[in-house]
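Have a look at the structure below before the remarks.
Computed from the coordinates by the stated procedures, all read-outs in this text should not be read as laboratory data. All of these numbers come straight from a predicted model, not from anything done at the bench. Positions of Cβ are backbone-derived with ideal geometry, glycine not excepted, and every protein chain shown enters the neighbour counts.
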Amino acid sequence: MDGADINFVDTVTASVVLPSLLVLEFASPLEWTAACLAVLAGATVQGTIGLGLAIVSVPILTLIDPTFVPVPVQLIAVLIAAAQLVRERKALDVRGAGLVLVGRVPGAALGLWLLSNLSETTLGLTVGLVVLFGVAAMAFGWSIPITRSSQVLTGVASGAMGLSTGVGGPPLGMLYRNQSGPELRATLGAVFTLGITINVTTLALAGRVGPTELTTAAILLIPLAAGFALSSWVARRVPARVLREGVLVVSALAALTLLGSLAFGG
């Protein structure tokens, strides 16, 4: 093997093999299996009702290992949001999505500040409480009147929550709760696609997107794609009401388990 071959092997080892080994070190095979199942379930739900990837998967991923959130979740969430937008693009509320995105920019800055000042324990507590808030909002039918001001402010809240915890859907779900299914899925898809891109760019500029996050996201893309493909089958066979109730139960249990683990020093 000549010098050029050795340099090539060293480069591949440094850029691919070592980051992959680094990822595998923070979670056991069983934990990786649980993480993939959580993403599979979340992607199936989001592809069916418009949101749910983060609400379902983030508490479980945080409980497994905080390394999974928020960056890897944000990296995969932007892809399922784009797929969701393409599938429902004819029902998009362009004006509404634009106003929400105006708020996502300062929201991302606020979220970065929160992420930079939250300890690992506080981040876990925040994730659990944000998810429980989302569960309550869905269960009690809370909604936000659609006005220009509410759309911008909802964008701020969603951006801050999404960047700091990986769960930015609840405010948007409350805003578009009373809209038709296709419009909700298309508009949330557009907001998540561009909004999460803003979040990821902010995180990258802050030096929070590295080999571990990128490789983790790449692995989680497999269950994400499978879940989104499965969502078309689920949407035709499972009533939306039944699915929403299932999401509430699973998400609440995951959030409460996470909070209980933190409370008892787990």
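Odds and ends about this structure:
- Crossing angle, helix 3-12 versus the chain [Cα axis fit, 0-90 degrees, rounded to tens]: 30
- Per residue, the chain reaches -27000 deg cm²/dmol at 222 nm when only DSSP H runs of four or more residues are counted, each adding -39500 (n - 2.57).
- Tail fraction, Cα-Cα pairs, segment 19-263, threshold 23 Å, whole percent: 43
- Candidates V209, V242, V130: whichever shows maximal mean-square fluctuation once the chain is modelled as a Gaussian network with Cα springs under 10 Å: V242
- Considering only G166, G141, G128, the mean-square fluctuation computed in a Gaussian network model of the chain, springs between alpha carbons under 10 angstrom, is largest for G141.
- Taking only the C-alpha atoms of segment 123-266, the Rg (one decimal) and the largest Cα-Cα distance, Dmax (whole number), read 16.3, 44 Å.
- Residue order for R237, R104, fewest other beta carbons within 10 angstrom first, comes to R237, R104.
- When the chain is treated as a GNM with alpha-carbon contacts under 10 Å, the residue of I198, I60, I222 showing the greatest mean-square fluctuation is I222.
- In a fully extended conformation the segment linking W142 and A204 would gain 18.9 nm over its present Cα-Cα distance, using 0.36 nm per residue.
- For segment 234-257 versus segment 150-194, the spacing of their alpha-carbon centroids is 19 Å.
- Each Cα pair under 8 Å and six or more residues apart adds its sequence gap; the mean of these over the residue count of the chain is a relative contact order of 34 percent.
- Ranked E25, E88, E213, criterion: other C-beta atoms within 10 Å, fewest first: E25, E88, E213
- Exposure proxy shown here: for F192, F228, the number of other Cβ atoms within 10 Å sets the order, fewest to most, as F228, F192.
- Principal-axis tilt of helix 211-237 within the chain, Cα atoms, nearest 10 degrees: 40
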